1. Here is a list: B:Val309, B:Val315. Which entry is over 28 Å from B:Leu124 (Cβ atoms), open to solvent by 20 Å² or more (accessible area, probe 1.4 Å) and more than 14 Å from chain A (Cβ to nearest Cβ)?
2. Residues in segment A:42-70 that are open to solvent by less than 20 Å² (accessible area, probe 1.4 Å), in contact with a strand residue (DSSP E or B) (Cβ under 7 Å, 6 or more places away or on another chain) and among the hydrophobic types (A, V, I, L, M, F, W, C): how many?
3. Within segment A:377-399, work out how many residues are in contact (Cβ under 8 Å) with a residue 24 or more places away in the chain and under 21 Å from the mean Cα position of the chain (by Cα).
4. Take segment B:69-88 and flag every residue that is more than 11 Å from chain A (Cβ to nearest Cβ) and among the aliphatic types (A, V, I, L, M).
5. Answer yes or no as to whether A:Val448 is at pLDDT 95 or above and either open to solvent by less than 30 Å² (accessible area, probe 1.4 Å) or not in a helix (DSSP H, G or I) (or both).
6. Specify the residue that is most open to solvent (accessible area, probe 1.4 Å); the eligible residues are those in segment A:92-108 that are more than 13 Å from chain B (Cβ to nearest Cβ) and in contact with a Phe, Trp or Tyr (Cβ under 8 Å, 6 or more places away or on another chain).
7. Considering each of B:Phe191, B:Phe195, B:Phe206 in turn, give the residue that is in contact with a His (Cβ under 8 Å, 6 or more places away or on another chain) and either surrounded by 15 or more Cβ atoms within 10 Å (Cβ to Cβ) or acidic (Asp, Glu) (or both).
8. May I ask you to verify whether B:Thr285 is farther than 27 Å from A:Met81 by Cα, within 14 Å of another protein chain (Cβ to nearest Cβ), open to solvent by less than 10 Å² (accessible area, probe 1.4 Å) and of a type in the set (Val, Ile, Thr)?
Amino acid sequence: MRNLPLALAMIGTTALTMPAFADGHLQIVDEPLDLSIHMHWPRSQGYDESYAVERVAREMTGIHLREATFGRNTSDSAEAMNLLIASGDMPDIVGGHLIKQPVNEYGPQGAFQPLNELVAEHAPNIQAFWDSHPGLQQAISAYDGNYYYIPYLPDGKYGRAYFIRQDWLDILGLQQPQTVDELHTVLTAFLNDDPNGNGLQDEVPAFFRNWEEVIRLVTFWDARSSGSDTYHDFYVNDEGTVVHPYAQEAYRDGLTMVAQWYEEGIIDPEVFTRRSTAREYLLGENLGGFTHDWFASTSGYNAALEDKIEGFNFVPFLPPESAGGVRMEEHRRIPIKPDGWAISHSNEHAIETIKYFDFFFSEEGRLLSNFGVEGETWNMIDGEPVFTDEVLNSSEPINSQMYAAGAQIQRGYWQDYRYEWQWTAQAARDGIELYDQHDLLVEQFLGVAFTEDEQVIYDRYWPSIRTYMLERQQAWVLGSGDLQADWDSYVETLDNMGYQEVIEVLNSAYARQYG
Amino acid sequence: MSADPNVTGPKTEEIVLGAAEATRRRRGSRMVRLGDHMKREWQLYVMLIPTILWLLVFLYKPMYGLQIAFKDYSLFRGVAASPWIGFDHFETLFSNDQFLRALKNTIIISFYGLVFGFPMPILLALMFNEILKQTFKKTAQTIVYLPHFISSVIIAGIVITAFSPSAGIVNTVMGWLGFDPVYFLTKPEWFRPIFIGTGIWQEAGFQSIVYLAAIAGVSPTLYESAVVDGASRWQMMWKITVPSILPTIIIMLIIRIGNILEVSFEMIILLYQPATYETADVVNTFIYRQGLQGGQYDFAAAAGLFNAVVAFTLVMTANTISKRYSRTSLW
């Protein structure tokens, strides 16, 4: 204690002359510690030890990650993970893309260390995140009640939005549709009244890059198409029961209307085979009028097609009111990704490792993992992290620049939406603000973890039921079969195929996990 | 032949003993001969080693893993430590209507593929052989080989575009002839013709190379004597070329039959829709949806093992039949 003033003085001067982290308050180990890491993710099949973020994280914490990724010759992360587990030789940290399923399957068998106690005792920042985001810790838990990985946690609520050609509306003297009936009127006018003015009836009023988005239209008749950001997923109904949207009566009536729209030709007749090129082609050729797609990328077409199509203006608008009077945006960003990192059973430094994971949830670590190194790719301006002009004006996309620096990679970290907002087009920002003024989003079903017995039942019945559902669904939309007449036998077939058994295991798992 | 063996020939037991001795010597000399051969031609055997190693490492060692078809397999526990569960996976497989449908589709697609696809490369090879102008022959060959080198993803893209109801060439031509456009790729009844046609277009040219090589091996003296006898080109093709390459054709047929359950699965994934599962879903796509997407390797192994057993039986049958009736066989 005698030297306290001296120590304070020293801290004070270093804080003035050195970077903020040099005071060592984030230091985890006294002696430098090496931890090996498997990090397989889509952009890079490995962990680059020369990342700027790694360099700084090492200086701040004393922990040095050593690249030990398995399966670098495949781009399929799930396959790489399987190879790693089957090899039996696991590095200290196992991270990257799509690790939730393997971690939750093999964690209870002893391949990974449970994190509950480690986090509660040694990771105050992660614990604080769980406390302020109820339900998320449960969502990543395995069936034994433990959780085995720290996830990548995306930020930002909105993913997709409804877009319409405002310039076409203006040409035809129409208003943005506020109800599903008005939407029908507008799309019919797009089909018949030649808004692109070329004298041909070649407009494709409603088009989608993913045919599943056609099914999403059932939300205009108060049905559901999915409970999460994955298509055809289960959802939790008003009674708190997990059910499948395609076994509900609302879906029958909604899909009947969708089939009718398809028959009328206001939905792209080729929607099932056009796939990813639909948006590029139909907007570029001045043919498409309405879609449901991602805010940022879809807004980008206004700038891209400015010179090619006079007056081109494709704007996000509020979801029209459903037949039951509800505005709903069923799609939203999932708050938890199946990506992140876990501690393997062979790691002898579990406490240091969880502290290192926790570092990325601290203020400094979060900025580092989102924006890269301060002073290199960004600066703090009025309390906000702002990318340098060099980064913002580079010909390389900002996310690629971040990946190169080791930021925004699929470690377990909490994304900061300010990262994306800085380079989101104005049209998209306006749209997001518009959507934000209304209560459009619905609760997401974040999935359940099955016991081995439950998993057996789910695996036995569900894939076939799903196949059958999708077969019937497309057939009905394409007009083979009368949905209303077929419905009873459809439901009966689902039951015969084991639908009730699947629902039963889902709900028992759901009650155990979230109850 | 003498009437009295006691006078002119050896006694019966001497004949038997002599034969046994000869066999013994022959066996021994065969071993010696193999040893000599190895010493003399050791370079050939050295060159054989990589192939044998490849077979051992990639085909024989994995057979050890086939047991997971009868186990509740966990990647982490490993093959040996996973518990046995008997025929559970096979029961699940055969109690599934969609598997039976997929099996039926596989057989139908393969059968039509065989009927229409197998003769095509042979016909192409015969036709190429009749072309006298070298530049034309080379150009034609390059054009028919080309689709083989294009990735399936691109081929599927071309097919989808060609059969598109609004812009596709097929529907455009049908429009000129006064037909209504058809959305082919969502019609179950059209899937098989499109798929098989695509397969023929993609592979027939490349497969014809084997037959061209066989034709090149036919002795020119046969043709020369046929010309002397005044045979027409047509007669030479049917009486000389085809019989000469018949063994090749039969071997290729046997191999093809062995692969009858191996329908080009990536192409189906790229072309099918839930709407066409009815005719398009094959065993491999079924396994893919059912097993691999959910990481059920044990289940997928069971289906794979079933595939292998069927294929093995078919090859054996085809080989035996061929051996009996044509004296040509794989082994």
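1. From the options B:Val309, B:Val315, the qualifying one is B:Val309.
2. Counting residues in segment A:42-70 that are open to solvent by less than 20 Å² (accessible area, probe 1.4 Å), in contact with a strand residue (DSSP E or B) (Cβ under 7 Å, 6 or more places away or on another chain) and among the hydrophobic types (A, V, I, L, M, F, W, C) gives 2.
3. 1
4. Across segment B:69-88, the qualifying residues are B:Ala69, B:Ala80.
5. Criteria not met by A:Val448.
6. Result: A:His97.
7. B:Phe206
8. Judged against the criteria, B:Thr285 is not a match.
The values are calculated or read from the model by the stated rules, or taken from the named source; none is laboratory data. For clarity, every value in this text was computed on a predicted model and none was experimentally measured. Neighbour counts are summed over all protein chains in view; Cβ atoms, including those assigned to glycine, are modelled from backbone coordinates with ideal geometry. Remember, those area values only see protein heavy atoms, side chains included, never the ligands or the DNA or RNA. Shrake-Rupley method; radii C 1.70, N 1.55, O 1.52, S 1.80 Å.
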